[in-house]
Amino acid sequence: MFQPLILIVDDYLPNTDLLTKILDADYSIASADNGLSALAIAEASPQPDLILLDVAMPGMDGFEVCRRLKQNPKTVGIPVIFITAKDDESDEESGLNLGAVDYITKPFSNAITKARIGNHVRQRQESKHRAAAFEELQVAGLVYNNVREGIILTDANNTIVAVNPAFTQLTGYKAAEVLGKNPRIL
């Protein structure tokens with residue numbers, strides 16, 4: 001069974017262990033203890049479906065990691081949730097302005113944290129499914145418009161709702177002449 005991948009980025013191992021214990025039944029977990037490792041994991045395949053990111057880390061803080069993730073075309077779509085002990089409204093605002101989808105302060109409720117993470121992972125998966133469906137429709141549209149066979153699309157009442165360019169070339173009918181009519185006119 002497929003489990004979404006969550007990347008936990010925290011330099012304090014007990015935090016990573018706690019989050020892993022909360023989430024590992026429902027998710028695959030990857031972890032990083034610094035910003036550079038987090039960026040490398042985020043670009044690798046498979047990419048995380050969500051990143052849980054600590055704000056205060058030595059070297060590169062979570063804000064800089066988020067900034068770089070959102071500037072990179074490969075990682076811009078990965079949702080980021082800041083998880084931090086800092087209860088500072090301006091930090092929360094900064095994180096959200098950088099593109100984070102949520103901001104959770106410690107200590108946190110395991111159940112609420114798990115529910116928030118679940119909601120964001122589901123939204124990410126739905127977004128991926130919509131993008132894949134859109135791509136399939138684009139390919140189907142290219143085939144429809146470029147195939148040499150004439151195609152008529154009708155609705156449930158057998159009314160013509162669309163024709164492709166090959167149809168107009170083969171029959172001599174313009175699309176406007178047949179749309180809304182029954183195919184028996186042919």
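The values are calculated or read from the model by the stated rules, or taken from the named source; none is laboratory data. Here the structure is a predicted model, which means the values were calculated and not measured. Reconstructed Cβ throughout: ideal geometry from the backbone, glycine too, with neighbour counts over all protein chains shown. With ligands, DNA and RNA removed, areas are computed over all heavy atoms of the protein, side chains included. Shrake-Rupley method; radii C 1.70, N 1.55, O 1.52, S 1.80 Å.
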>> Please list, in order along segment 151-165, the HN-Hα scalar couplings obtained from phi with the Karplus expression 6.51 cos²θ - 1.76 cosθ + 1.60 (θ = phi - 60°), rounded to whole Hz, x for Gly and Pro.
In response: 10, 10, 10, 10, 8, 5, 8, 6, 9, 5, 10, 6, 9, 8, x
>> In Å and on Cα atoms, what radius of gyration and Dmax does segment 95-186 show?
In response: 24.0, 72
> Among the lysines, which have Cα under 20 Å from the Cα of LYS106 when same-chain residues fewer than 8 positions away are ignored?
Replying inline: LYS21, LYS86, LYS114
>> Taking amide H atoms as placed 1.01 Å from N in the peptide plane, list the residues 5 or more away in sequence, or in a different chain, whose amide H sits under 5 Å from that of ILE6.
In response: SER28, ILE29, ALA30, ASP49
>> Out of all DSSP beta bridges in segment 35-186, what portion is antiparallel? Express it as a percent rounded to 5.
In response: 30 percent
>> For the pair ASN72/LEU13, report the inter-label distance in nm, with labels modelled 7 Å from Cα in the Cβ direction.
In response: 2.5 nm
> With each label point set 7 Å from Cα along the Cα-Cβ vector, what nm distance links LEU186 and LEU96?
Replying inline: 5.7 nm
> Per the 1.4 Å probe, what fraction of the accessible area of segment 1-102, in percent, lies on carbon and sulfur atoms?
Replying inline: 51 percent
>> Ranking request for peptides 112-118, 26-32: highest mean number of other beta-carbon atoms within 10 Å first, then the rest in descending order.
In response: 26-32, 112-118
>> Per residue, how much accessible surface does the chain expose to a 1.4 Å probe? Answer in Å², no decimals.
In response: 59 Å²
> Across bins of 5 angstrom width beginning at 0, how are the C-alpha pair distances of segment 1-40 distributed, in whole percent?
Replying inline: 6, 26, 30, 21, 13, 3, 0
> If you wrap a convex hull around the Cα atoms of the chain, how much volume per residue is inside, in Å³?
Replying inline: 181 Å³
